[in-house]
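These notes concern the structure reproduced below.
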Amino acid sequence: EVLGKRASFPLSVSHATEYVGKRFVLVGDAAHGVHPLAGQGVNLGFADAEELVRCLAVAASTGRAIGLDEALLLKYQGRRMPENLFMTGVLHSIKSIYEWDNPALESLRSFGVKMVDSMHLVKRAIVKYQTLGDLR
């Protein structure tokens, strides 16, 4: 049973210039929007939430005012923004590569994917980074 009209929205890339302000913090899609490739947007949001919880735990354990401690909030932004900008660029680049409509470029793309797939250490590092956000 159809309950309403079907809707759609354009996929776009977005990124806030600031993640924090007085008494607010942007996390996940509120801070950055990426193409939904392999669920990486949700992974970035989880990493944001994890880092924010770390910062808030520090504030709580030291008696600092969570919403007013600008240095604490800027630490969250400083740790997450570079990571999110990097992944936004990577995901946008991958999306662009898959939009190529040229047989020669499609062959080049297929070759690149096969090369990465054959390099087990590189592939393992990519998967670890995508799932854990950490190359250590």
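Structure values in brief
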| item | result |
| --- | --- |
| Percent accessible area from carbon and sulfur atoms, the chain, protein chains only, probe 1.4 Å | 63 |
| For residue 41, net neighbour charge (Lys/Arg +1, Asp/Glu -1) across residues whose Cβ lies under 11 Å away | -2 |
| Estimated 222 nm signal from helices in the chain, with DSSP H stretches of n ≥ 4 weighted -39500 (n - 2.57), rounded to 500 | -20000 deg cm²/dmol |
| Residue among 74, 44, 11 with the largest mean-square fluctuation in a Gaussian network model of the chain, springs linking Cα atoms under 10 Å | 11 |
| Per residue solvent-accessible surface (Å²) - the range 60-136, probe of 1.4 Å | 71 |
| Normalised contact order of the chain, rounded percent, pairs of Cα under 8 Å and 6 or more residues apart | 23 |
| Which of 76, 89, 20, positive extreme of dipole for the range 6-129 (C-beta unit charges) | 76 |
| Computed magnitude of the charge dipole of the chain (debye, nearest 20; Cβ of K, R +1, Cβ of D, E -1) | 260 |
| Spin-label model distance (nm) - residue 42 vs residue 65, 7 Å beyond Cα toward Cβ | 3.8 |
| Rg and Dmax of the chain, Cα atoms only, in Å | 18.8, 61 |
| Which of 43, 122, 98, positive extreme of dipole for the chain (C-beta unit charges) | 122 |
| Loop-located GluC sites (Glu not before Pro) in the range 35-136, at most 12 other Cβ atoms within 10 Å (DSSP) | 99 |
| Calculated FRET value between residue 119 and residue 79, using beta carbons and R₀ = 30 Å, to 0.05 | 0.55 |
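The values are calculated or read from the model by the stated rules, or taken from the named source; none is laboratory data. Model, not experiment: these values are computed from the prediction. Glycine gets a Cβ as well: all are built from the backbone with ideal geometry, and neighbour counts include every protein chain shown. Only protein heavy atoms, including side chains, enter the accessible area calculation; ligands, DNA and RNA are left aside. Shrake-Rupley method; radii C 1.70, N 1.55, O 1.52, S 1.80 Å.
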